[in-house]
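Engineer: Sharing a structure, written as structure tokens. Questions coming.
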């Protein structure tokens with residue numbers, strides 16, 4: 001076994017130190033936010049909270065958890081995220097699979113149409129008029145359909161499908177499989193990495209989205225939890241109509257933002273470890289060729 005050179009050992013040491021610093025810098029804001037969410041108002045305003053809670057306080061969590069509207073809106077968010085992600089994955093996968101076929105007539109036009117939407121949109125008012133005229137307001141479809149296809153995700157999946165061996169599909173055709181059979185029984189089982197990555201991208205996007213619901217939902221009981229938490233911050237900082245009482249919120253206004261960040265990010269942070277092993281391979285394999 002060849003002994004590593006001195007310069008290589010120095011490189012490894014410097015690289016380890018740099019990466020450790022990057023990890024610490026990345027983790028610090030998350031730990032600080034978590035500590036602030038459990039700290040008292042006086043300690044937060046005095047700037048005493050860093051990595052550990054000071055003046056341990058659960059008042060804000062109690063206010064939020066005791067409000068039935070919070071749980072109703074949380075359930076809405078889960079529903080919207082699941083439905084919208086499922087719709088987005090079906091449409092993106094089908095569209096990407098079609099575009100991956102180099103013999104398809106009009107393939108360049110279809111790719112151009114998709115790329116065109118990355119740079120030009122109809123605008124807020126035309127989109128609102130369209131969604132309203134289609135009768136989609138106050139429904140999950142107002143969130144799922146207008147944002148069903150991300151062109152970036154589409155192009156990554158297209159590149160991934162193009163890299164799959166064509167011999168597999170040809171053999172499946174000889175065995176009598178239809179186009180849909182090849183997609184469902186051959187292509188998708190080989191595409192777990194990119195599919196898991198796209199599910200993560202879409203679910204994070206829909207989970208954190210609040211503006212579409214704010215725009216298209218007229219009833220409070222239909223709002224996602226992101227809008228509820230937005231109203232909570234607004235009520236605590238001066239005058240909005242939050243689900244919880246503003247008099248109570250005024251007593252915990254210093255850590256309300258930290259609590260909302262924790263409650264919004266926690267579910268995604270819990271899901272991420274299960275798909276993280278697919279993340280790098282899914283993005284890289286789909287980005288080798290354009």
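Each reported figure results from applying straightforward, stated rules to the coordinates on display, with no laboratory input. If you're wondering where the values come from, they're calculated on a predicted model, not measured in any experiment. Heads up, the Cβs are rebuilt from the backbone with ideal geometry, glycines too, and the neighbour counts pull from every protein chain shown.
Engineer: Can you tell me the 0 to 90 degree angle between the C-alpha axis of helix 151-162 and the longest principal axis of the chain, rounded to 10?
Structural biologist: 40 degrees
Engineer: Just need log10 I(q)/I(0) for segment 1-57 at q = 0.21, 0.23, 0.26 Å⁻¹, Debye formula, equal scatterers on the alpha-carbon atoms, no solvent, rounded to two decimals.
Structural biologist: Taking Cα atoms of segment 1-57 as identical point scatterers yields -0.76, -0.82, -0.92.
Engineer: Would you mind checking the tilt of helix 107-119 against the longest principal axis of the Cα atoms of the chain, expressed as 0 to 90 degrees and rounded to 10?
Structural biologist: 20 degrees
Engineer: Over the chain, what is the relative contact order in percent, taking alpha-carbon pairs closer than 8 angstrom and at least six residues apart?
Structural biologist: That works out to 28 percent.
Engineer: What angle do you read, to the nearest 10 degrees and between 0 and 90, between the alpha-carbon axis of helix 6-37 and the longest principal axis of the chain?
Structural biologist: Around 50 degrees separate the two axes.
Engineer: Once the piece of chain linking residue 234 and residue 14 is laid out straight, how much longer is it, given 0.36 nm per residue of separation minus the C-alpha distance between them?
Structural biologist: 74.6 nm
Engineer: Would you mind calculating the gained length between residue 101 and residue 51 on full extension (0.36 nm times residue separation, minus the Cα-Cα distance), in nm to one decimal?
Structural biologist: Details: separation 50, 0.36 × 50 = 18.00 nm, distance 5.25 nm.
Taking residue 101 through residue 51 to full extension adds about 12.7 nm, to one decimal.
Engineer: Which of these values of percent of Cα pairs over 29 Å apart was calculated from the structure shown: (1) 37; (2) 53; (3) 34?
Structural biologist: (2)
Engineer: Mind checking the full-extension length gain between residue 171 and residue 268? Use 0.36 nm per residue of separation minus the Cα-Cα distance, one decimal, nm.
Structural biologist: Taking residue 171 through residue 268 to full extension adds about 31.0 nm, to one decimal.
Engineer: A further question on this structure: Using 7 Å Cα-to-Cβ label points, what is the residue 185/residue 120 separation (nm, one decimal)?
Structural biologist: 4.4 nm
Engineer: So for 228, 128, fewest C-beta neighbours within 10 Å to most, what's the order?
Structural biologist: 128, 228
Engineer: Where does the chain land at 222 nm, in deg cm²/dmol rounded to the nearest 500, when only DSSP H runs of n ≥ 4 count, each adding -39500 (n - 2.57), divided by all residues?
Structural biologist: -22000 deg cm²/dmol, from helical runs alone.
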